[in-house]
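The values are calculated or read from the model by the stated rules, or taken from the named source; none is laboratory data. Quantities reported herein were computed from a predicted structural model and do not represent experimental measurements. All Cβ positions, glycine included, derive from the backbone under ideal geometry; neighbour counts span all protein chains shown.
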Amino acid sequence: MATLQDFIQVPTKDLLLKFLEEGPRVEGRERVKLQRKMLADPLQALWDLMSQGMSGFSGYQLLRLGMLFDPDDDLREVRAAYDALVAFQAWEKVEETLRMSRKYFGGPAAIWALLIADRTKPDVVERFKGYTGFGSVPPYIIFSIWPTTYSLVHLKASVAREYHHQMRATLFPIGGPHFDLASAIVNEGLAEVFVEEQYGQQSVSEIAAGLSIDQVKALWPKYKDNLKLVGMDRHRPFLYGGYGSDLPFCAGFAVGYQIVKGYLSKHKESTSRDLISMPAQKIVQGSIFQ
């Protein structure tokens, strides 16, 4: 794909409204097919990029893990959520924040989409406070919101975080042969520090701020010996906890955040902009943990 000169918005504001008008007229499999056609198929180029020829890959199923509302949910309440996002000018705020972030870093443009998240998945509202998203597959960024007080107040911070992921993934491709565990956790920490610089400490995600520096130091030996691990499947326990590990929920996000904060505490003249193109191992080595 040629380098994008400007942001391209997938017209989900109109597509969501169209589905919410037509969806109540059909049920069961027909409603599922309608949702897929209207809201997943416009992102087919992204699914092709992510699948890399892998058989059985379904972008629609990926969205249904939490990033796209259940078509069997009460569509009247989904419509109320849509109306709340429109009233909040969510699409306009996303565009504004993307442009600010791009200007700050001098980074790439992106193709982006804003969807309504699946409130029926407990993690979406309870753990992630109504927001999910990903920006690590350039040039695409997907934002997904179920409107809550938290998700709306933190919308701009969430968008800035995903743009930062896009910027780092452009420089250090995720899934590449050199993308190790250090890269995975430092990426999360760098994005969180960028959010803190732009929007204040209160906008740092709860999972990144969920462990104190002393708690992270206690976990550090488990990370230090595995920083060169390559492969997303091998990173998953260290990033998210669980998966047979004894690590706290999303511990890797907190570890990455403290690594970057530790680097900046030793290099007080630096900001997240200075670190955007710095290899993760160099940031670890320059932090208080090394």
Region 91-123, residues that are of a type in the set (A, V, I, L, M) and either at pLDDT below 95 or over 25 Å from CYS250 (Cβ atoms) (or both): MET100, ALA109, ILE111
Within region 137-152, track down each residue that is in contact with a helix residue (DSSP H, G or I) (Cβ under 8 Å, 6 or more places away or on another chain) and over 15 Å from LEU68 (Cα atoms). VAL137, PRO138, PRO139, TYR140, THR148, SER151, LEU152
Scan region 130-140 for residues that are more than 8 Å from the chain's Cα centre (by Cα) and crowded, with 21+ Cβ neighbours inside 10 Å and jot them down. GLY130, TYR131, PRO138, PRO139, TYR140
Take the conditions more than 20 Å from SER136 (Cα to Cα) and among the aliphatic types (A, V, I, L, M) and apply them to VAL204. Does it pass? no
Of the listed residues (LEU75, LEU43, LEU34), the one being aliphatic (A, V, I, L, M) and either under 17 Å from the mean Cα position of the chain (by Cα) or not assigned by TED's automatic domain parsing to the domain that holds ILE116 (or both) is LEU43
Could you count how many residues in region 248-290 are aromatic (Phe, Trp, Tyr), modelled with pLDDT of 95 or more and over 19 Å from LEU229 (Cβ atoms)? 2
Only one of these conditions is not met by LYS18: (1) in contact (Cβ under 8 Å) with a residue 40 or more places away in the chain; (2) basic (Lys, Arg); (3) out of contact with any Pro (no Cβ under 6 Å at 6 or more places or on another chain). Which number is it? (1)
Restricting region 208-263 to residues that are part of a helix (DSSP H, G or I) and among the small types (Gly, Ala, Ser), which is surrounded by the most Cβ atoms within 10 Å (Cβ to Cβ)? GLY256
